[in-house]
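To start, the structure under review is shown below, and the notes come after it.
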Amino acid sequence: MVDNYKYLGTVLDSKLTLDSVLEHIRRKANFNFFKLYPFLRNATADGRRDMWRCLVAPLFNAAWILLKAEPGKGRKEKVHTLWRMTFKKFMFLSQHIPTSLVNRLIAIDMNDLTEDNNLLACEKWISRKNLETFRKCDVIDKKQANPIRAIPNILCKIINWMSKSCPKCKGKILNPWHLKYVHNVGIETPGRLLDMLRDLGSSAHMKIDKKRRKISRSEIISMVKPILEKKLETLREIYDSLCDR
Ligand SMILES: [Zn+2]
C-alpha cells in the first residue's frame, strides 16, 4: 500500500482526496513558472495567459473530475482558489486583485469545466468499453472569447496599481472607489478598461474588414500600447500627488 500514486501525470492518494492533486498542481505550476520566467516577464498579457492555458489549466483536469464526485463547498473553493492563484502568478498580477476581475481575464467557466471534463471522461470510457475509437468532436466545446487578445503587459501593471495601498490612508487600497469617495479623483475601473479595449478591438476590426483584411496582433498592440502607457502615467501622477498632499 502506497500513500500516493502518480498515474497519467496526476497524483492520486489512497482515498482519492483532492489534497495530493492540488499539491501536485501547485508544484508543477511553480516549476513551469520558474522555467518560463524570462519569457513571461517580457511577454504580452495575452502571451502570459496563453502560457497559463497551455501549461497550467490542463493540470486541473483530474481536480474537476474529483470535484464532480465530491462537490463539497470547501473542496470547490480550494480548487477555485488555486486555479486563480496560478493564473495571477503567470500574469504577474498581485494576489489581492478581486476575484471577479481574475475570472473575467481567465474567461473560462469553472462549472462548465467540471461538467465538460466529466462528460469527456464518460465518453472515453464508453468508447473504450465498446472497443470504438474515441472522437473528441463528440463533446461540445464552449470556448469564450479571449478578453485580452494582443493586449500588452502594461495592462497587468495598471491592474496591479489599483491593488496598491493608499499612501495617504493607512490600510486602504487605491481602487477607483477609494479614490473617488475619499480623494475625489475619478479613474476608470478595470472592468471599464477591459470594455474599452474590447470595443477598440472590434471597431478596428470593422474598419479593416471593409478592406477585406484581418487586423493582426501587432497592429492591435501598436494601437493599444500608447493608450495604456498614457493611462499608467496618469495613475503614477495620481500616486505622486497623494504622497505630496
Ligand atoms: Zn486614501
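Inter-label distance, Arg27 to Met85: 1.5 nm, where each label sits 7 Å from its Cα along the C-beta direction. If you take all other residues with their beta carbon under 13 Å from the beta carbon of Ile158, and give Lys and Arg +1 and Asp and Glu -1, the sum is +4.
Taking label positions 7 Å along the Cα-Cβ direction at both Trp177 and Glu237, the computed distance is 2.7 nm, reported to one decimal. In plain terms, the chain from Cys169 to Leu36 could stretch by 44.1 nm, reckoned as 0.36 nm per residue minus the Cα-Cα distance.
In plain terms, the bigger the Kirkwood radius, the slower the diffusion; for the stretch 154-244, with that radius from Cα pairs, at 25 °C and 0.890 mPa s, Stokes-Einstein puts D at 167 µm²/s.
Here, each number is a calculation from the coordinates, and none is a lab measurement. Worth saying up front: this structure is predicted, and the values here are computed from it rather than measured. Don't worry about glycine lacking a Cβ; one is built from the backbone with ideal geometry, like all the others, and counts go over all protein chains shown.
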